[in-house]
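The values are calculated or read from the model by the stated rules, or taken from the named source; none is laboratory data. This is a predicted model, so every value here is computed, not measured. Just the protein is used for accessible areas: all its heavy atoms, side chains included, with ligands, DNA and RNA removed. Shrake-Rupley method; radii C 1.70, N 1.55, O 1.52, S 1.80 Å.
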Amino acid sequence: EQVGKKTMWVPAAAMYPNTTNGCSALTQVELSNGPELKVLDFAAAADDFAQFTVAFPKSWNEGTITFQPYWTVTGTNTGTVVWGMRAVACADNATQNVTFGNIALTAAKAHSGTSNDINVSAESAALTIKAAAVDTLTYFEIFNDTSASGQSGVARLTGVKILYTTDAVNDA
């Protein structure tokens, strides 16, 4: 192993809709061939939210991260989607009743116009995890920023790649 930039995949199946203003529950979509999709549907007209947790390895440098959403659209509209995310870390014996940190956004990405084509957004702006530290549980909140998006169809999130930097070769 080398120190440096690493990636972690978080599938939509590991995420859950927020209780308030949540996206849809996990949906399984059968296509005519091959893979079946596990997605979270985010409405086009309102910001919907989902959450997930990550326990970063000790080798993480506790610095900023970026994220890269993988998503599709059920229809043929070629409008753009902008994803936003924010995070907060919770330490051992500390409250989990905390607020999220600042939001980081992706650039607008246009859908291909073909229903269920995969879209891979560019890496987001730097995201600072509030209270980042070793041996914490990090809560993430992801959403479709509809005020910045131009997509009239439902944005279906397949998952998100988290990109983080390590400063040690292992977690010893």
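Observations on the structure shown:
- In sequence order, region 138-151 has phi-based couplings of 9, 9, 10, 10, 10, 7, 8, 7, 5, 5, 9, 8, x, 8 Hz under the Karplus curve 6.51 cos²θ - 1.76 cosθ + 1.60, θ = phi - 60°, and Gly or Pro positions carry x.
- Rounded to the nearest whole Hz, the Karplus-based 3J(HN,Hα) values (6.51 cos²θ - 1.76 cosθ + 1.60, θ = phi - 60°) of region 72-85 follow the sequence 9, 10, 6, x, 10, 5, 9, x, 8, 10, 10, 9, x, 8, with x at glycine and proline.
- Sulfur and carbon atoms: percent of accessible area, the chain [1.4 Å]: 49
- Placed amide H near Trp83: partners under 5 Å, 5+ positions off or other chain: Thr106, Asp145
- Residue of Pro57, Pro11, Pro69 that the Gaussian network model of the chain assigns the largest fluctuation, springs spanning Cα pairs under 10 Å: Pro57
- Å² per residue, accessible surface of the chain at 1.4 Å: 48
- Backbone geometry of region 104-121 corresponds, through the Karplus equation with coefficients 6.51, -1.76 and 1.60 at θ = phi - 60°, to 3J(HN,Hα) couplings of 10, 10, 8, 6, 4, 10, 7, 6, 5, x, 9, 3, 6, 5, 6, 10, 10, 5 Hz, x marking Gly and Pro.
- Mean-square fluctuations from a GNM of the chain, with a 10 angstrom spring cutoff on Cα atoms, peak among Thr76, Thr128, Thr138 at Thr76.
- In the structure shown, the pairs Lys5/Lys58; Lys6/Lys58; Lys5/Lys161 are assessed against 20 Å; each Cα-Cα span is contained within that value.
- Ratio Rg/Rh, restricted to region 18-172 and using Cα atoms, in which Rh is the Kirkwood radius: 1.00
- For Ser152, nonlocal amide neighbours, meaning residues 5 or more places apart or on other chains whose placed amide H falls under 5 Å from its own, are Gly79.
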